Amino acid sequence: QVQLVESGGGLVQPGGSLRLSCAASGSISRFVHMGWYRQAPGNERELVATISLGTRINYADSVKGRFTISEDNARNTLYLQMNNLKPEDTAVYYCNVYKPGSNYWGQGTQVTVSS
């Protein structure tokens, strides 16, 4: 069992930056797929950024060039650096780790982009 705790969300003005962290209670190096997802009110949860097999990185088209996903296996932490934030980035952000037979989600952290 792995517990994931997100932090770093908040209220930011358009054009601002935030860094989200996802701290895992155990090692994340065993998971083949780690990522960030988000869900805005009335919308389905959508992929934001993922790391697969430690090397393959994928971003949603809407965040390419603005968001950066990274991992620190020594700290069992996944990060999402978000720059040039836009109002449409407003959502609850969730981290996820997956390997066959195990799929874990954090509780989410709210990101609100508004002037």
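The values are calculated or read from the model by the stated rules, or taken from the named source; none is laboratory data. From a predicted model like this one, the values you see are computed outputs, not experimental measurements. Glycine gets a Cβ as well: all are built from the backbone with ideal geometry, and neighbour counts include every protein chain shown. Ligands, DNA and RNA are stripped out before the accessible areas are found, and what is left, the full protein with its side chains, is counted by its heavy atoms. Shrake-Rupley method; radii C 1.70, N 1.55, O 1.52, S 1.80 Å.
Points to keep in mind about this one:
- Hits in segment 71-94 (condition: farther than 24 Å from P14 by Cβ and part of a strand (DSSP E or B)): E71, D72, T77, L78
- Listed conditions (1) assigned to a strand (DSSP E or B); (2) touching a residue at least 24 places away in the same chain (Cβ under 8 Å); (3) over 18 Å from L18 (Cβ atoms) are all met by R38, apart from (3).
- Test: residue in segment 36-47 that is of a type in the set (S, T, Y), out of contact with any Ser or Thr (no Cβ under 8 Å at 6 or more places or on another chain) and either modelled with pLDDT under 95 or loosely packed, with under 13 Cβ neighbours inside 10 Å (or both): no
- Those residues of segment 48-65 which are outside any strand (DSSP E or B) and at pLDDT 95 or above, in sequence order: A60, D61, S62, V63, K64, G65
- Enumeration of residues in segment 1-18 that are farther than 16 Å from Y98 by Cα, open to solvent by 30 Å² or more (accessible area, probe 1.4 Å) and more than 15 Å from the chain's Cα centre (by Cα): L11, Q13, P14, G15
- Filter pass, T68 being open to solvent by less than 30 Å² (accessible area, probe 1.4 Å), in a strand (DSSP E or B), modelled with pLDDT of 95 or more and over 16 Å from T109 (Cα atoms): no
- From the list D61, D72, D89, the lone residue that is charged (D, E, K, R) and closer than 12 Å to L20 by Cβ is D89.
- Within segment 71-115, the residues that satisfy the criterion of being open to solvent by 70 Å² or more (accessible area, probe 1.4 Å) and at positive phi are N84, G101.
- Scanning segment 73-115 for residues that are over 21 Å from A24 (Cα atoms) and among the small types (G, A, S) returns A91, S114, S115.
- Of the listed requirements (1) closer than 20 Å to N103 by Cβ; (2) surrounded by fewer than 14 Cβ atoms within 10 Å (Cβ to Cβ); (3) modelled with pLDDT of 95 or more, C22 misses just one: (2).
- When the residues of segment 48-65 are filtered to those that are open to solvent by less than 20 Å² (accessible area, probe 1.4 Å) and not small (G, A, S), the one that is farthest from V12 (Cα to Cα) is I51.
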